[in-house]
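Chemist: Pasting a structure below so you can have a look.
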Amino acid sequence: MDRYAVFGNPIEHSKSPLIHTLFAKQTQQVIEYGRQQPDANGFNDAINTFFIEGFIGANVTSPFKLDAFRFANELTPRAKAAEAVNTLYKRQDGSILGDNTDGAGLVQDLQRLWGELNGKRLLLIGAGGATRGVILPLLTAKVQNIHIANRTASKAQQLADRFKKEGAITASGFNDIPEIQFDLIVNCTSSSLDGGLPEITPSIFTNASYAYDMTYKAQATSFMVWAEECNPDIRTADGLGMLVGQAAESFYVWRNVRPKIEPIIEIVREML
Ligand code: ATR
């Protein structure tokens with residue numbers, strides 16, 4: 001039986017084993033999927049042992065995505081762009097491929113919810129690893145332009161500079177966001193985890209159609225509630241679909257079969 005696991009610390013509450021077990025059932029594949037919690041400095045030893053023991057793929061989450069990026073023998077373009085790896089795959093020749101499926105997970109979920117992304121004007125809030133991981137996949141989905149706004153403007157500017165060869169991308173702090181109409185606003189910060197909000201002008205929502213929060217909770221997140229207060233016509237969603245979407249893309253990398261994410265999102269949602 002093909003064996004996989006998710007690596008993180010802490011990992012006890014990871015939904016990946018559940019999601020991949022549901023994918024396997026849905027697509028009639030037989031796999032085993034566990035969880036592993038190396039010590040903060042123990043990723044390399046743990047992942048080496050893992051592949052020697054015959055496992056063939058891993059998901060990697062916080063705090064090991066950079067360790068996994070360094071561990072891989074070869075990287076996909078989207079993993080290089082993200083500077084982080086969330087999916088490892090042992091190929092026939094024994095080499096380890098490092099991929100990053102987070103951005104594809106977001107793109108898949110946005111398309112599922114609100115249709116194609118081509119021509120859309122996007123505002124991304126935040127300029128950390130979560131933002132870096134989704135820029136190339138969003139540009140590849142042919143969005144018209146991306147503006148990155150971050151509390152610390154210089155970090156947003158660095159990201160925009162890095163990706164400007166790939167598409168139309170601009171940056172600013174929170175106080176000087178250009179007064180253009182954004183179609184879709186994505187909160188890439190973790191501000192909603194503790195019920196907080198990015199300190200940004202509410203006018204960004206006035207003419208926007210969609211607001212997406214990468215964080216998810218059992219109830220609507222603080223960012224979703226705020227977006228709806230600012231614009232009652234706006235449509236909102238949380239990041240549970242992105243989580244299931246990135247898992248589906250990993251499953252596809254490993255098994256060359258694409259699971260349907262919607263029924264799995266529904267099952268996981270009911271368990272939140
Ligand atoms: P991740 O890898 O999850 O993206 P990160 O690399 O630590 O995490 O980046 C977090 C991002 O969210 C940063 O852009 C941070 O802003 P700063 O660069 O100014 O620190 C942003 N962030 C986190 N909490 C925030 C909050 N409450 N309001 C605004 N921005 C926040």
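The values are calculated or read from the model by the stated rules, or taken from the named source; none is laboratory data. Every value quoted in this text rests on a predicted model; they were computed, and no experiment measured them. In this analysis, Cβ positions are derived from the backbone assuming ideal geometry, glycine residues included, and neighbour counts consider all displayed protein chains. For accessibility, only protein heavy atoms count, side chains too; no ligands or nucleic acids. Shrake-Rupley method; radii C 1.70, N 1.55, O 1.52, S 1.80 Å.
Chemist: Tell me, what are the semi-axes, in whole angstrom and largest first, of the equivalent ellipsoid of the chain as set by the roots of 5 times the Cα gyration tensor eigenvalues?
Modeler: 32, 20, 17
Chemist: Same structure, new question: Which percent, to the nearest 5, of DSSP beta bridges fully inside the chain are antiparallel?
Modeler: Numbers: 7 of 39 bridges.
Taking every DSSP beta bridge within the chain, about 20 percent pair in antiparallel fashion.
Chemist: With springs only between Cα atoms under 10 Å apart, run a GNM on the chain and tell me which of Gly57, Gly105, Gly173 wobbles the most.
Modeler: Of the options given, Gly173 has the highest mean-square fluctuation.
Chemist: Which whole-number percent gives the relative contact order of the chain, counting Cα pairs below 8 Å spaced six or more residues apart? Walk me through the numbers on the way to the answer.
Modeler: Details: 539 pairs, mean separation 42.5, N = 272.
Reported as a whole number, the value is 16 percent.
Chemist: How large is the convex hull of the C-alpha atoms of the stretch 89-160 per residue, in Å³? Could you put the intermediate results ahead of the total?
Modeler: Numbers: hull volume 7.7 nm³, N = 72.
Convex hull of Cα atoms, per residue: 107 Å³.
Chemist: Counting Lys and Arg as +1 and Asp and Glu as -1, what is the net charge of the other residues whose Cβ lies under 15 Å from the Cβ of Arg91?
Modeler: On the way: positive: Lys90, Arg255; negative: Asp2, Glu74, Asp93, Asp99.
Local net charge: -2.
Chemist: Measuring from centroid to centroid over Cα atoms, what is the spacing of the stretch 220-258 and the stretch 6-46 in Å?
Modeler: 20 Å
Chemist: Right, next: Each residue of the stretch 229-238 in order: what ³J(HN,Hα) in whole Hz does its phi give by Karplus 6.51 cos²θ - 1.76 cosθ + 1.60, θ = phi - 60°, with x for Gly and Pro?
Modeler: 5, 6, 8, x, 8, 6, 9, 10, 8, 9
Chemist: Something else: Run the reach check for Lys260 against lysines, Cα to Cα strictly under 29 Å, same-chain hits fewer than 8 apart removed. What comes back?
Modeler: Straight-distance partners of Lys260: Lys15, Lys25, Lys65, Lys80, Lys90, Lys120, Lys142, Lys217.
Chemist: Which residue, Val60, Val30, Val107, has the most motion in a Gaussian network model of the chain that connects Cα atoms within less than 10 Å?
Modeler: In the Gaussian network model the winner is Val30.
Chemist: log10 I(q)/I(0), Debye, Cα-only the stretch 108-204, no solvent, q = 0.12, 0.14 Å⁻¹?
Modeler: -0.34, -0.47
Chemist: Using a 1.4 angstrom probe on heavy atoms only, work out the carbon and sulfur share of the accessible area of the stretch 152-217 in %. Mind showing how you got there, number by number?
Modeler: Values: 1600 of 3420 Å².
Carbon plus sulfur share of accessible area: 47 percent.
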